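Visitor: Here's a structure for you.
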């Protein structure tokens, strides 16, 4: 994994943890953690309950991420600036 991506993912997880926002890690990282199987990934999948989303998005904005809503029902995305 490229160091820039690793740093971005670490920054996101640390920002969420600092605010004690409950979440679950999914996707390639969860597969790796639970099976030891690594697959290349281009994103970080975090699962949050709906009530935690506004706080998480605000925290990530405050940390300098660009946030946009892909689908108002379930998909939010943030980009490292």
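Read the figures in this text as sums done on the coordinates, not as results from a lab. Treat the numbers as computed from the prediction; the structure is a model and nothing was measured. Note: ideal-geometry Cβ built from the backbone for every residue, glycine included; neighbour counts use all protein chains shown.
Visitor: Can you put 9, 68 in order of Cβ neighbours within 10 angstrom, beginning with the fewest? Each step should come with its number before you reach the end.
Guide: Values: 9 18, 68 9.
Neighbour counts put them in this order, fewest first: 68, 9.
Visitor: Per the helix-only calculation at 222 nm, which mean residue ellipticity applies to the chain, given -39500 (n - 2.57) for every DSSP H run of n ≥ 4 and division by its residues, nearest 500 deg cm²/dmol?
Guide: Details: 3 runs with 35 residues, N = 81.
After summing the helix terms and dividing by residue count, I get -13500 deg cm²/dmol.
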